[in-house]
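The values are calculated or read from the model by the stated rules, or taken from the named source; none is laboratory data. Just so you know, these numbers come straight off a predicted model, no measurement behind them. Here the Cβ is made from the backbone with ideal geometry for all residues, glycine too, and neighbour counts use every protein chain on show.
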Amino acid sequence: MHFNIKDGKIWLQQNLTDRNPAEELVMKGVPRQDIVLGLQAP
């Protein structure tokens, strides 16, 4: 996994695992609007 924190948001840049880090972050209390899936084309 590769994460960046930029402008107060968590950018998920790469995930080569079978886990869903975005959902895990939400379950830990991170608001969905603060998570950016940078590994997808805009």
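Under 8 Å by Cβ, and 6 or more places apart or on different chains, what pairs join a residue from the stretch 16-42 that is of a type in the set (Val, Ile, Thr) and part of a helix (DSSP H, G or I) with one that is surrounded by fewer than 10 Cβ atoms within 10 Å (Cβ to Cβ) and at pLDDT 95 or above?
Val26/Arg32
Can you name every residue in the stretch 1-15 that is in a loop (DSSP other than H, G, I, E, B) and without any contact (Cβ under 8 Å) to a residue 12 or more places away in the chain?
Answer for the stretch 1-15, where residues must be in a loop (DSSP other than H, G, I, E, B) and without any contact (Cβ under 8 Å) to a residue 12 or more places away in the chain: just Asp7.
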